[in-house]
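Notes follow once the structure below has been shown.
The values are calculated or read from the model by the stated rules, or taken from the named source; none is laboratory data. Only a predicted model underlies this, so the values are computations on that prediction, with no experimental measurement involved. Here the Cβ is made from the backbone with ideal geometry for all residues, glycine too, and neighbour counts use every protein chain on show. All accessible areas refer to the heavy atoms of the entire protein, side chains included, with ligands and DNA or RNA removed. Shrake-Rupley method; radii C 1.70, N 1.55, O 1.52, S 1.80 Å.
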There are 2 protein chains.
Amino acid sequence: MNAVGIRQVAEHAGVSPGTVSNVLNRPEKVSASTRARVEASIRELGFVRHGSASTLRAGHSKTVGLSVIDIGNPFFTDVTAGVEDVASDRGYAVILSNSAGSRSKEERNLLVLAEQRVRGVLITPSDEDPEPLDRLRERGINVVLVDHPAHRADQCSVAVNDVTGGQTAVAHLLSGGAARLAYVTGPLSIRQCLDRRTGAERALRGRPLRVLEMPAMTPRAGQQAAEKLLSEGDPPDAVFCANDLLALGMLRGLLHAGVRVPDDVALIGYDDIDFAAASAVSLTSIRQPTYQLGRVATELLLDECDNPGTHAHQQIMFQPELVVRESTR
Amino acid sequence: MNAVGIRQVAEHAGVSPGTVSNVLNRPEKVSASTRARVEASIRELGFVRHGSASTLRAGHSKTVGLSVIDIGNPFFTDVTAGVEDVASDRGYAVILSNSAGSRSKEERNLLVLAEQRVRGVLITPSDEDPEPLDRLRERGINVVLVDHPAHRADQCSVAVNDVTGGQTAVAHLLSGGAARLAYVTGPLSIRQCLDRRTGAERALRGRPLRVLEMPAMTPRAGQQAAEKLLSEGDPPDAVFCANDLLALGMLRGLLHAGVRVPDDVALIGYDDIDFAAASAVSLTSIRQPTYQLGRVATELLLDECDNPGTHAHQQIMFQPELVVRESTR
DNA sequence: AGGGAGTTCTAAAACGTTTCAATGCAGATC
DNA sequence: GATCTGCATTGAAACGTTTTAGAACTCCCT
């Protein structure tokens, strides 16, 4: 087993445990020669610091938690990549947990994170209730909201303007000559879906919008939505999907039924995931700075952790961007 | 701050800290009445166990590490889902780390896991070197290989037979009348890519196979491969891609150039990710029991952790399965 | 020679749990 | 009433670090 602790290293190097700790945590406090000796011993004995002992004594760990809604959605994997890159650069480890849209799972995950005494938590909340997050804060765990505006002023958040995004999407469809629009969305209890609809309506200025609310935001649901739209009379000539997974399913459903895209129906998605550009009729979409979202959120969180005195809370709102491809040309 | 520890709970409930610990860890040792009293105090004070202190004293944590090669690949997100479900059921937390194909990143991540004193590690290794894994084992951290056969007999692994998979794929293409085959793959230093080629060659029994090795396994790389194949003379009439991301890019590249799929070129991918069924020409693919892979690997690992005495090491090999869709019909 | 200022290192006390031997107590047996 | 048995609870030690006050040493100045 791994019986080599700071104590053994100290003995091997002929110094006290305290000095070894200094080499580990404040190398500048130790003379070059002893430091070299200690470092050699560490390598030779294969010493690995006991993170728990360290956390226990120091009172805080070098880990942050990341809680996402659906790790299967490329949007969140991109965010995750951004988080990991920054955290890893600054010597923090990331504990990733997936709430899979379930509130109870999210709460259990947050409890685990609290037990691990993570330094902070990055979270895309699965609902609007601020209570679990406030509880974390009471315990001294910093919280940054990802893809969701902050509930309160003394909290950081990084989000993208979904109202603008919805508006841009629909304005683009209208400028292409669309007249009968449909919005295919996931549950409207999800803030993102709701905001995008609000944006869509704003662009329409009172003209009608057919809203089709699906229970999930997956390709399968998108395809079912296509079947539904086509089976009812008066099919739309333009469809705005609340995310690219829905849009890809919609695309497949339309093509399968012999509907030409974009000639018969123009189609626009949301998120601009990789697969959007790679689909057979490449998908027009609303791009979000996904990777940046993760990066910036993590930078805010770690700043809050490392400089609690000078840290200024920020609510950052990015603007989404239209990416035109074949599905609306 | 969170100054409420087991000590405060004990005081509040009028018992000793040892009893509180027993309520937490072996509730059956405590009489029903005191247990109820202690549990009430825990709730009332909002006590959260300090995981580090617990790990330090107990010598082991309730966490496992999961190290994957590319969290952006739906194959690995599916595996992750399986891992999470089992771990969560058994009270373990999962620390997810992404090696992004980089050996040095993998090593850094494993070090973090070792520092955290995870109980075990699930890993899809990014290369063939068993040394980092052996080092973990020396430190008493159990290791289960995922999607990779074990290096040694006293180690668990869960994999899928990639040679059979490659053979099945190419046999299917041949039975559809294909004569000029190409294999589009990622780096052949990756075992999976290599094995699938071996299987392909086995099905071909000496007939020629054009191998196109791309540096990445992404849709973009697949599209580039399509351009390359079409620009050279004598294009293939059937293409086998080493994964679905490549295949989706290939599909787009082919369609874009006016090549009909499957009429002009039959196409088969590997992994059967969700997007394979949702693409415009739905993709024939080799399905792997991805979610099961994660589940079974985790069950093996936790069995090894919880019953070190009776645990029998197993090297499990699943068989892949052909899923025929439009791209080869 | 004595003493002050730096520098480098040490010793010992925490951190919050778990564990285990020991204690106390109630009921059963003689 | 004395002794035993078994159960519920306690108290204190231990886990491997970090941290802090201060010891030991060196160098330099008067």
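Rank B:Val144, B:Val211, B:Val64 by mean-square fluctuation in a GNM of chain B with C-alpha springs under 10 angstrom and give only the top-ranked residue. Of B:Val144, B:Val211, B:Val64, the Gaussian network model singles out B:Val211 as fluctuating most. What is the protein assembly as shown by shape, rounded, prolate or oblate, if you read a ≥ b ≥ c off the alpha carbon gyration tensor as root eigenvalues and call it rounded for a/c under 1.5, prolate for a/b larger than b/c, and oblate otherwise? Judged from the Cα gyration tensor, the protein assembly as shown comes out oblate (a/c at least 1.5, b/c at or above a/b).
Among the protein heavy atoms of the stretch A:6-49, carbon and sulfur supply 48% of the accessible surface, probe 1.4 Å, non-protein parts ignored. For the stretch B:284-301, putting each phi into the Karplus relation 6.51 cos²θ - 1.76 cosθ + 1.60 with θ = phi - 60° gives couplings of 5, 8, 9, 7, 10, x, 4, 4, 4, 3, x, 4, 4, 4, 5, 4, 4, 4 Hz, in residue order, rounded to whole numbers and with x for Gly and Pro.
Near B:Val121, the amide H atoms lying under 5 Å from its own belong to B:Gly65, B:Asn142, B:Val143, B:Val144; only residues 5 or more places off or on other chains count, and H is placed 1.01 Å from N. Normalised by 2.2 N^0.38 Å, with N the number of residues, the alpha-carbon radius of gyration of the stretch A:165-273 equals 0.94. If you take all other residues with their beta carbon under 12 Å from the beta carbon of A:Arg135, and give Lys and Arg +1 and Asp and Glu -1, the sum is -3.
Using the Karplus relation 6.51 cos²θ - 1.76 cosθ + 1.60 with θ = phi - 60°, the per-residue 3J(HN,Hα) values for the stretch A:79-88 come to 4, 4, 4, x, 4, 4, 4, 5, 4, 4 Hz, with x marking Gly and Pro. Compared with the direct C-alpha span, the chain from A:Arg90 to A:Asp127 gains 10.3 nm at full extension, assuming 0.36 nm per residue.
Among the aspartates and glutamates, select those whose C-alpha is under 13 Å from the C-alpha of B:Lys228, and discard any that sit fewer than 8 residues away in the same chain. Answer for B:Lys228, where 13 Å is the Cα cut-off: B:Glu213, listed by chain and number. With contacts taken as Cα pairs under 8 Å at a separation of at least 6 residues, the stretch B:3-149 carries a relative contact order of 20 percent. Taking a ≥ b ≥ c as the square roots of the Cα gyration tensor eigenvalues, with a/c under 1.5 meaning rounded and otherwise prolate when a/b beats b/c, else oblate, which class fits the stretch A:201-250? Note, shape of the stretch A:201-250 comes out oblate. For the stretch A:101-115, accessible area lost to neighbouring protein chains reaches 50 Å² or more, against the chain alone with a 1.4 Å probe, at A:Glu115. With the label put 7 angstrom out from Cα along the Cα-to-Cβ vector, B:His311 ends up 3.8 nm from the copy partners, going from closest to farthest. The alpha carbon gyration tensor of the stretch A:44-148 gives principal lengths a ≥ b ≥ c with a/c of 1.5 or higher and a/b no greater than b/c, which makes the shape oblate. Lys and Arg at +1, Asp and Glu at -1: add these up for the other residues within a Cβ distance under 12 Å of B:Leu96 and post the number. Here the charged neighbours net out to -2.
Summary of the geometry: the stretch A:1-74 and the stretch B:277-329, compared by the centres of their Cα atoms, lie 37 Å apart.
A label point on A:Ala32, set 7 Å along the Cα-to-Cβ line, lies at 7.2 nm from each of its counterparts in the other copies, closest listed first. Around the amide H of B:Arg180, modelled in the peptide plane, lie the amide H atoms of B:Asp237, B:Ala238, all under 5 Å away and 5 or more residues distant in sequence or on another chain.
Accessible surface calculations at 1.4 Å, restricted to protein heavy atoms, place chain A at 41 Å² per residue. So if I take the centroid of the Cα atoms in the stretch B:172-220 and the same for the stretch A:159-194, what is the distance between those two points in Å? Comparing the Cα centres of the stretch B:172-220 and the stretch A:159-194, I get a distance of 42 Å.
Model label sites at A:His60 and A:Val48, defined 7 Å from Cα along the beta-carbon direction, differ in position by 2.6 nm.
For the chain pair A and B, the buried solvent-accessible surface (1.4 Å probe, both sides summed) amounts to about 4300 Å².
Taking H placed 1.01 Å from N in the peptide plane, check which residues at least 5 places from A:Gln314 or on another chain put their amide H under 5 Å from its amide H. Correct list: A:Cys156, A:Ser157.
Note on chain B: Kirkwood radius taken over Cα pairs, Stokes-Einstein applied at 10 °C and 1.306 mPa s, translational D equal to 72 µm² s⁻¹. Taking each of A:Lys62/B:Lys62; A:Lys29/A:Lys62; A:Lys105/B:Lys29; A:Lys62/B:Lys29; A:Lys62/B:Lys105 in turn, the alpha-carbon distance tops 24 angstrom for A:Lys105/B:Lys29; A:Lys62/B:Lys29.
Output the 0 to 90 degree angle, nearest 10, between the alpha-carbon long axis of helix B:244-256 and the longest principal axis computed from the alpha carbons of chain B. Relative to chain B, helix B:244-256 is tipped by roughly 40 degrees. Across peptide B:270-280, the average count of Cβ atoms from other chains found within 10 Å of a residue's Cβ is 5. Karplus-derived 3J(HN,Hα) values for the stretch A:180-194, using 6.51 cos²θ - 1.76 cosθ + 1.60 with θ = phi - 60°, are 10, 9, 10, 10, 9, 9, x, x, 6, 6, 7, 3, 4, 4, 5 Hz; glycine and proline are entered as x.
The residues of the stretch A:59-76 occluded by other protein chains by 40 Å² or more of accessible area, set against the chain on its own, are A:Ile71; surface from heavy atoms, 1.4 Å probe.
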